[in-house]
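As structure tokens, the structure follows; a few thoughts come after it.
The values are calculated or read from the model by the stated rules, or taken from the named source; none is laboratory data. What you are looking at is a predicted structure, and each value in this text was computed from that prediction instead of being measured. Don't worry about glycine lacking a Cβ; one is built from the backbone with ideal geometry, like all the others, and counts go over all protein chains shown. Accessible surface is based on the protein model in full, side chains and every heavy atom, while ligands, DNA and RNA are left aside. Shrake-Rupley method; radii C 1.70, N 1.55, O 1.52, S 1.80 Å.
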Amino acid sequence: MMEPQTSAPAGNTNGTEAPQNLTVPLIPENPNGSASAPPSTTPNGISADEIALYDRQIRLWGLKAQESIRSANILLITMKALANEIAKNLVLAGINSLTICDHSPVSPSDLTTQFFLPQSPPPLNTNRAIAASTAIQRLNPRVTVNIDTVDIRLKPPSYYSAFDIIIATDLDAPTLNIINTATRLNNRKFYAAGSHGMYGFLFSDLIEHDFIISRAISNLPTNPGPESPTRSIISSAPSPTDPKLENVTKRELFSTWLLASSSPLPSEILKSHRRKKVVTPILSCLRALWEFEERFGCHPNPNDKAQLAQFTIMCGEQHKALGLPAETLRSETLRAFLMNIGGEIAPVVAVLGGQLAQDVINVLGRTQQPIQNFVVFDGEKMEAGVYALHPKEGELGRGLLPISGGQQTAAAAGSGEAGGGGNGIDLA
């Protein structure tokens, strides 16, 4: 049985007073399907009252990082329990705008897993994003909250150009592939995440991401060049504030969802039998689930013997393709995963949502190394393994998909070029 989520955020931890009455004005539909541009930030940078409001987090990651967070426009797709956690953390961090895209109505199961939904009267059959929007806005009135009620599968590639970061949650693998292709063509950073009861995953495709690490100056010079198959040192310079430190600029290269979700494990894992034995079998189960979704367009039904047999075969094949020992994929693991598919458990989505939101903040601040590039969470063991999954050969980063490929390429990758446009709702 899935554990119902009963906790709710205890107001705005930043200390702002929530407005008592919120209106939801409809904004004109954009005929090309793109989101309306959020209000621009002030030319003078972050204000004194914002410095006071976000004082604790500025002390943690710095004023420059907070200014980057303050100007970020983020698209969050599908408002379920996992997205609730992500939205909460990002809005409280003080981003510029959050656009929530969800076309589905509130279901009875949503009432037990989402803390942004009002309990009385229950908003059954109301659009899920609209129903949650008032509570989200109250967390931080300084953040612009936009609502889009059009199916994300009907959006043209140009829709994503209005955002800095796109986060897609609880979607099937083919849809994630289409969205990621569109974000690549628009040179936008992309995250995907999903939860299945006690299990879940995070994925990031930041294309190419530069960040600066401050560290003690070594006796050996810091030379530009590769550190790993995905990471390289671009430059280094003495810290302007401490002569004992240096600021090192590094660059991480990423793969697309399509490639990463089918790529082998890193060679350092495959060369060690001991390390292969500790790779979670949930990775094999997730890959089998994505394959099942692509082939049959649905989740496997654990009560259907034919589907159960097919899913079991897929899990075995994916486990073997990863080069993992057969004994680590046990029947009880398969049964547990099957029974959890589609479920939502509060502590699990809290961990996943918190980790994803923190990585988004780190990426915006550019002072921490980002997730590279898959996280697989096993709530039974309370473990979150991070795996760098990339093709053995070929380019990474921008070389995977030319940004200048044009809209025709994007249209071929997606199915909704003509169906764009949508109802935008702005909560001011």
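Within the assembled protein chains, the solvent-accessible surface assigned to ARG70 is about 30 Å², based on a 1.4 Å probe. Between the listed residues ILE313, TRP257, VAL278, the Cα displaced farthest toward the positive end of the dipole of segment 255-323, a dipole computed from Cβ unit charges relative to the Cα centre, is found at VAL278. Calculated translational diffusion coefficient of segment 48-108 (4 °C, 1.567 mPa s; Stokes-Einstein with Kirkwood radius over alpha-carbon pairs) equals 101 µm²/s.
Charge dipole of segment 172-237 (Cα centre as origin; +1 on each Lys and Arg Cβ, -1 on each Asp and Glu Cβ, all else neutral): 100 debye, rounded to the nearest 20.
Scoring 333-340, 214-221, 195-202, 145-152 by mean Cβ neighbours within 10 Å over their residues and listing the highest first yields 195-202, 145-152, 333-340, 214-221. Extension gain for ASN219-THR112 works out to 32.8 nm (0.36 nm per residue, less the C-alpha to C-alpha distance). Averaged over its residues, segment 58-101 has an accessible area of 26 Å² per residue, based on protein heavy atoms and a 1.4 Å probe. Considering every alpha-carbon pair of segment 217-353, the percent of pairs per 10 Å bin, from zero through the bin containing the longest distance, is 10, 28, 26, 17, 12, 6, 1. In summary, segment 124-256 shows an alpha-carbon radius of gyration equal to 1.43 times the 2.2 N^0.38 Å reference for compact globular proteins. Of the whole protein surface, GLU317 contributes about 100 Å² of accessible area at a 1.4 Å probe radius. Charged side chains reduced to their Cβ positions (Lys and Arg at +1, Asp and Glu at -1) give segment 236-342 a dipole of some 380 debye around its Cα centre. Within the accessible area of segment 153-207, the carbon and sulfur atoms contribute 50%, probe 1.4 Å, all protein chains present. Taking all protein chains as shown and a probe of 1.4 angstrom, VAL106 keeps an accessible surface of around 0 Å². The simple Förster model, with R0 at 30 Å and r as the Cβ-Cβ distance, assigns CYS298 and LEU124 a FRET efficiency of 0.80.
Spin-label model, GLU208/LEU63: points 7 Å from Cα along the beta carbon direction are separated by 3.2 nm. By a straight-distance test (C-alpha under 18 Å), which aspartates and glutamates pair with LYS276 as possible cross-link partners, with residues fewer than eight away in the same chain excluded? Those aspartates and glutamates meeting the cut-off are GLU268, GLU317, GLU327, ASP378, GLU383.
Put simply, the amide H of TYR199, placed in the peptide plane, has neighbours under 5 Å in GLY379, leaving out anything fewer than 5 places away on its chain. Scattering from the C-alpha atoms of segment 39-170 alone, worked out with Debye: what is log10 I(q)/I(0) at q = 0.22 1/Å? Log-scaled intensity ratios, in q order: -1.27. When the Cα positions of SER195, THR183, ALA162 are compared along the charge dipole of segment 124-196, ALA162 comes out farthest toward the positive end, with charges on each C-beta of Lys, Arg, Asp and Glu.
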